[in-house]
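Colleague: This is the structure I want to talk about, given as C-alpha coordinates.
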Amino acid sequence: MNFTIFGRQKLIAAAFGLMVMCISVSDIDAQTKRKKKPTKRPVPVSTVVQPQTEPLIISRAEDFPDTGSTIVQPMAIERLAEPAGTADTSAQSYEDLLNRIKSLEALKKNDYDTKQKRLMLNLDILTRAESRAETLRKQLFDMIEKENTYKAKLDQIDTDIRPEAIERSVAFAGTLRPEELRGMRKKSLDSEKTNLQMLVTEIQRIRSSLDQNVQKADILVDKLRAKLEKEIDDALVEEPKDN
(Lines give C-alpha, C1' and ligand atoms only; values in the text may rest on other atoms or scores of the structure.)
Protein backbone atom coordinates (compact mmCIF):
# COMPACT_ATOMS: atom_id res chain seq x y z
CA MET A 1 0.00 0.00 0.00
CA ASN A 2 2.75 2.38 0.84
CA PHE A 3 4.53 1.33 -2.29
CA THR A 4 1.51 2.11 -4.37
CA ILE A 5 1.17 5.63 -2.95
CA PHE A 6 4.84 6.26 -3.46
CA GLY A 7 4.60 5.06 -7.03
CA ARG A 8 1.71 7.43 -7.80
CA GLN A 9 3.63 10.35 -6.38
CA LYS A 10 6.59 9.57 -8.58
CA LEU A 11 4.32 9.26 -11.62
CA ILE A 12 2.68 12.62 -10.90
CA ALA A 13 6.06 14.27 -10.39
CA ALA A 14 7.33 12.82 -13.65
CA ALA A 15 4.24 14.03 -15.54
CA PHE A 16 4.59 17.52 -14.10
CA GLY A 17 8.25 17.68 -15.04
CA LEU A 18 7.45 16.54 -18.58
CA MET A 19 4.81 19.27 -18.88
CA VAL A 20 7.28 21.94 -17.73
CA MET A 21 9.83 20.75 -20.26
CA CYS A 22 7.27 20.92 -23.12
CA ILE A 23 6.28 24.47 -22.20
CA SER A 24 9.96 25.53 -22.05
CA VAL A 25 10.68 23.99 -25.45
CA SER A 26 7.65 25.81 -26.95
CA ASP A 27 8.83 29.17 -25.58
CA ILE A 28 12.35 28.66 -26.89
CA ASP A 29 11.02 27.70 -30.34
CA ALA A 30 8.80 30.83 -30.44
CA GLN A 31 11.69 33.10 -29.48
CA THR A 32 13.86 31.54 -32.15
CA LYS A 33 11.22 32.17 -34.85
CA ARG A 34 10.85 35.76 -33.75
CA LYS A 35 14.57 36.30 -33.98
CA LYS A 36 14.67 34.86 -37.50
CA LYS A 37 11.89 37.19 -38.80
CA PRO A 38 13.37 39.25 -41.72
CA THR A 39 13.59 43.01 -41.27
CA LYS A 40 12.54 45.45 -43.97
CA ARG A 41 15.27 47.67 -45.31
CA PRO A 42 14.45 51.31 -46.14
CA VAL A 43 14.19 52.01 -49.87
CA PRO A 44 16.26 54.99 -50.94
CA VAL A 45 14.19 57.83 -52.42
CA SER A 46 15.64 60.12 -55.04
CA THR A 47 15.37 63.77 -54.08
CA VAL A 48 15.32 66.56 -56.66
CA VAL A 49 17.59 69.33 -55.54
CA GLN A 50 16.08 72.72 -56.29
CA PRO A 51 18.48 75.44 -57.47
CA GLN A 52 19.22 77.96 -54.78
CA THR A 53 20.61 81.41 -55.07
CA GLU A 54 22.48 81.15 -51.74
CA PRO A 55 25.60 78.94 -51.33
CA LEU A 56 25.00 75.51 -49.75
CA ILE A 57 27.04 74.32 -46.76
CA ILE A 58 27.78 70.65 -47.31
CA SER A 59 28.64 68.73 -44.16
CA ARG A 60 30.75 65.61 -44.22
CA ALA A 61 29.83 62.47 -42.39
CA GLU A 62 32.97 62.54 -40.25
CA ASP A 63 32.11 66.02 -38.95
CA PHE A 64 29.30 64.62 -36.84
CA PRO A 65 29.40 61.59 -34.59
CA ASP A 66 27.06 58.75 -35.39
CA THR A 67 24.46 58.99 -32.69
CA GLY A 68 22.19 56.51 -34.32
CA SER A 69 19.38 56.95 -36.74
CA THR A 70 17.41 59.96 -35.69
CA ILE A 71 14.09 60.90 -37.25
CA VAL A 72 13.99 64.61 -37.92
CA GLN A 73 10.55 66.03 -37.38
CA PRO A 74 9.54 68.85 -39.76
CA MET A 75 9.49 72.19 -38.03
CA ALA A 76 6.25 74.07 -38.11
CA ILE A 77 6.69 77.27 -40.12
CA GLU A 78 5.01 80.15 -38.46
CA ARG A 79 3.16 82.29 -40.99
CA LEU A 80 3.45 85.97 -40.40
CA ALA A 81 0.11 87.60 -39.96
CA GLU A 82 -0.65 90.36 -42.42
CA PRO A 83 -1.08 93.81 -40.97
CA ALA A 84 -4.65 94.72 -40.26
CA GLY A 85 -4.72 97.62 -42.72
CA THR A 86 -3.03 95.88 -45.70
CA ALA A 87 -6.27 94.79 -47.38
CA ASP A 88 -7.87 98.18 -46.86
CA THR A 89 -4.78 99.95 -48.22
CA SER A 90 -4.70 97.77 -51.34
CA ALA A 91 -8.39 98.36 -51.98
CA GLN A 92 -7.93 102.11 -51.51
CA SER A 93 -4.95 102.15 -53.89
CA TYR A 94 -6.98 100.26 -56.49
CA GLU A 95 -9.87 102.71 -56.15
CA ASP A 96 -7.46 105.65 -56.43
CA LEU A 97 -5.97 104.17 -59.59
CA LEU A 98 -9.40 103.67 -61.15
CA ASN A 99 -10.41 107.22 -60.26
CA ARG A 100 -7.20 108.57 -61.76
CA ILE A 101 -7.74 106.62 -64.98
CA LYS A 102 -11.33 107.89 -65.19
CA SER A 103 -10.12 111.45 -64.61
CA LEU A 104 -7.55 111.13 -67.39
CA GLU A 105 -10.16 109.71 -69.76
CA ALA A 106 -12.59 112.50 -68.88
CA LEU A 107 -9.83 115.08 -69.34
CA LYS A 108 -8.94 113.56 -72.70
CA LYS A 109 -12.59 113.60 -73.75
CA ASN A 110 -12.99 117.21 -72.59
CA ASP A 111 -9.82 118.13 -74.45
CA TYR A 112 -11.22 116.46 -77.57
CA ASP A 113 -14.50 118.39 -77.21
CA THR A 114 -12.54 121.61 -76.74
CA LYS A 115 -10.59 120.93 -79.92
CA GLN A 116 -13.82 120.26 -81.80
CA LYS A 117 -15.29 123.55 -80.60
CA ARG A 118 -12.11 125.38 -81.57
CA LEU A 119 -12.27 123.78 -85.01
CA MET A 120 -15.85 124.95 -85.46
CA LEU A 121 -14.89 128.45 -84.32
CA ASN A 122 -11.92 128.58 -86.70
CA LEU A 123 -14.12 127.31 -89.51
CA ASP A 124 -16.61 130.10 -88.81
CA ILE A 125 -13.76 132.64 -88.76
CA LEU A 126 -12.46 131.30 -92.08
CA THR A 127 -15.94 131.51 -93.61
CA ARG A 128 -16.34 135.10 -92.47
CA ALA A 129 -12.86 136.00 -93.72
CA GLU A 130 -13.61 134.50 -97.13
CA SER A 131 -16.92 136.37 -97.26
CA ARG A 132 -15.17 139.62 -96.35
CA ALA A 133 -12.52 139.05 -99.01
CA GLU A 134 -15.21 138.44 -101.62
CA THR A 135 -17.10 141.58 -100.56
CA LEU A 136 -13.94 143.68 -100.79
CA ARG A 137 -13.14 142.18 -104.17
CA LYS A 138 -16.64 143.00 -105.42
CA GLN A 139 -16.28 146.60 -104.19
CA LEU A 140 -12.93 146.79 -105.94
CA PHE A 141 -14.48 145.60 -109.18
CA ASP A 142 -17.24 148.22 -108.81
CA MET A 143 -14.65 150.96 -108.27
CA ILE A 144 -12.71 149.82 -111.31
CA GLU A 145 -15.89 149.85 -113.37
CA LYS A 146 -16.81 153.35 -112.17
CA GLU A 147 -13.29 154.58 -112.81
CA ASN A 148 -13.41 153.27 -116.35
CA THR A 149 -16.84 154.85 -116.89
CA TYR A 150 -15.74 158.28 -115.65
CA LYS A 151 -12.51 158.09 -117.61
CA ALA A 152 -14.55 157.38 -120.71
CA LYS A 153 -16.67 160.48 -119.99
CA LEU A 154 -13.51 162.54 -119.52
CA ASP A 155 -12.27 161.37 -122.89
CA GLN A 156 -15.60 162.36 -124.42
CA ILE A 157 -15.44 165.80 -122.74
CA ASP A 158 -11.92 166.28 -124.09
CA THR A 159 -13.37 165.62 -127.54
CA ASP A 160 -16.42 167.87 -127.09
CA ILE A 161 -14.43 170.77 -125.64
CA ARG A 162 -12.45 171.32 -128.79
CA PRO A 163 -13.42 174.55 -130.66
CA GLU A 164 -14.64 172.82 -133.79
CA ALA A 165 -16.86 170.50 -131.75
CA ILE A 166 -18.31 173.44 -129.84
CA GLU A 167 -18.85 175.26 -133.11
CA ARG A 168 -20.78 172.34 -134.56
CA SER A 169 -22.96 172.01 -131.49
CA VAL A 170 -23.80 175.73 -131.47
CA ALA A 171 -24.44 175.96 -135.23
CA PHE A 172 -27.71 174.11 -134.93
CA ALA A 173 -28.95 176.24 -132.01
CA GLY A 174 -30.26 179.07 -134.22
CA THR A 175 -29.24 181.86 -131.84
CA LEU A 176 -28.31 185.43 -132.61
CA ARG A 177 -25.39 185.33 -130.17
CA PRO A 178 -23.32 182.27 -131.09
CA GLU A 179 -20.17 183.43 -129.31
CA GLU A 180 -21.97 183.67 -125.99
CA LEU A 181 -23.45 180.24 -126.56
CA ARG A 182 -20.03 178.79 -127.37
CA GLY A 183 -18.65 180.29 -124.18
CA MET A 184 -21.42 178.76 -122.09
CA ARG A 185 -20.90 175.38 -123.76
CA LYS A 186 -17.18 175.43 -123.10
CA LYS A 187 -17.73 176.52 -119.49
CA SER A 188 -20.21 173.67 -118.91
CA LEU A 189 -17.80 171.13 -120.36
CA ASP A 190 -14.94 172.43 -118.24
CA SER A 191 -17.06 172.19 -115.07
CA GLU A 192 -18.15 168.65 -115.91
CA LYS A 193 -14.57 167.70 -116.67
CA THR A 194 -13.39 169.06 -113.33
CA ASN A 195 -16.05 167.14 -111.43
CA LEU A 196 -15.27 163.94 -113.29
CA GLN A 197 -11.57 164.32 -112.62
CA MET A 198 -12.30 164.75 -108.91
CA LEU A 199 -14.50 161.65 -108.97
CA VAL A 200 -11.86 159.66 -110.80
CA THR A 201 -9.23 160.76 -108.29
CA GLU A 202 -11.43 159.68 -105.36
CA ILE A 203 -12.28 156.42 -107.09
CA GLN A 204 -8.60 155.73 -107.65
CA ARG A 205 -7.87 156.39 -103.98
CA ILE A 206 -10.68 154.06 -102.89
CA ARG A 207 -9.62 151.46 -105.44
CA SER A 208 -6.05 151.52 -104.17
CA SER A 209 -7.26 151.04 -100.58
CA LEU A 210 -9.60 148.27 -101.65
CA ASP A 211 -6.81 146.61 -103.57
CA GLN A 212 -4.62 146.53 -100.45
CA ASN A 213 -7.51 145.28 -98.30
CA VAL A 214 -8.27 142.52 -100.77
CA GLN A 215 -4.64 141.40 -100.73
CA LYS A 216 -4.59 141.38 -96.93
CA ALA A 217 -7.91 139.53 -96.82
CA ASP A 218 -6.60 136.91 -99.23
CA ILE A 219 -3.44 136.44 -97.13
CA LEU A 220 -5.56 136.07 -93.98
CA VAL A 221 -7.80 133.53 -95.71
CA ASP A 222 -4.78 131.51 -96.80
CA LYS A 223 -3.35 131.50 -93.27
CA LEU A 224 -6.67 130.56 -91.69
CA ARG A 225 -7.25 127.82 -94.25
CA ALA A 226 -3.77 126.34 -93.69
CA LYS A 227 -4.21 126.45 -89.90
CA LEU A 228 -7.67 124.90 -90.07
CA GLU A 229 -6.51 122.12 -92.37
CA LYS A 230 -3.65 121.28 -89.99
CA GLU A 231 -5.98 121.23 -86.98
CA ILE A 232 -8.42 118.99 -88.86
CA ASP A 233 -5.62 116.56 -89.70
CA ASP A 234 -4.45 116.51 -86.07
CA ALA A 235 -8.01 116.00 -84.83
CA LEU A 236 -8.51 113.07 -87.18
CA VAL A 237 -5.31 111.45 -85.89
CA GLU A 238 -6.19 112.04 -82.22
CA GLU A 239 -9.87 111.07 -82.57
CA PRO A 240 -10.79 108.72 -79.62
CA LYS A 241 -12.04 105.24 -80.43
CA ASP A 242 -15.09 104.05 -78.58
CA ASN A 243 -14.63 100.64 -77.04
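The values are calculated or read from the model by the stated rules, or taken from the named source; none is laboratory data. From a predicted model like this one, the values you see are computed outputs, not experimental measurements. We place every Cβ from the backbone using ideal geometry, glycine too, and count neighbours over all the protein chains shown.
Colleague: With respect to the numbered conditions (1) in a helix (DSSP H, G or I); (2) at pLDDT below 65, which one is the sole condition not fulfilled by ARG79?
Modeller: (1)
Colleague: Okay, moving on. Can you spot a residue in segment 115-131 that is at pLDDT below 85 and outside any loop (DSSP other than H, G, I, E, B)? Outline the logic, then answer.
Modeller: Initial filter on segment 115-131 (at pLDDT below 85): 115-116.
Within this subset, residues satisfying the condition of being outside any loop (DSSP other than H, G, I, E, B) are 115-116.
Yes: one or more hits.
The rows are residues; the columns are (1) of a type in the set (Gly, Ala, Ser); (2) closer than 30 Å to TYR112 by Cα; (3) surrounded by fewer than 16 Cβ atoms within 10 Å (Cβ to Cβ); (4) in contact with a His (Cβ under 7 Å, 6 or more places away or on another chain).
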position	(1), (2), (3), (4)
ARG185	no, no, no, no
LEU196	no, no, no, no
ARG205	no, no, yes, no
SER209	yes, no, yes, no
LYS216	no, no, yes, no
ILE219	no, yes, yes, no
ARG225	no, yes, yes, no
GLU229	no, yes, yes, no
ASP234	no, yes, yes, no
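Colleague: Would you be able to say whether some residue in segment 141-153 is over 30 Å from ASP233 (Cα atoms), modelled with pLDDT under 90 and either hydrophobic (A, V, I, L, M, F, W, C) or not in a helix (DSSP H, G or I) (or both)? Can you show your working first?
Modeller: Going residue by residue through segment 141-153, those that are over 30 Å from ASP233 (Cα atoms) are 141-153.
Still in the list and also modelled with pLDDT under 90: none.
Scanning segment 141-153, I find no residue that is over 30 Å from ASP233 (Cα atoms), modelled with pLDDT under 90 and either hydrophobic (A, V, I, L, M, F, W, C) or not in a helix (DSSP H, G or I) (or both), so the answer is no.
Colleague: Being modelled with pLDDT under 85, of a type in the set (S, T, N, Q) and assigned to a helix (DSSP H, G or I) is the filter here, so list the residues in segment 154-208 that pass it.
Modeller: SER169
Colleague: Next question. Does at least one position in segment 196-207 carry a residue that is more than 23 Å from the chain's Cα centre (by Cα) and within 13 Å of LEU136 (Cα to Cα)? Spell out the reasoning first.
Modeller: Narrowing segment 196-207 to residues more than 23 Å from the chain's Cα centre (by Cα): 196-207.
Adding the requirement that they be within 13 Å of LEU136 (Cα to Cα) leaves 206-207.
Looking for residues that are more than 23 Å from the chain's Cα centre (by Cα) and within 13 Å of LEU136 (Cα to Cα), one finds at least one in segment 196-207, hence yes.
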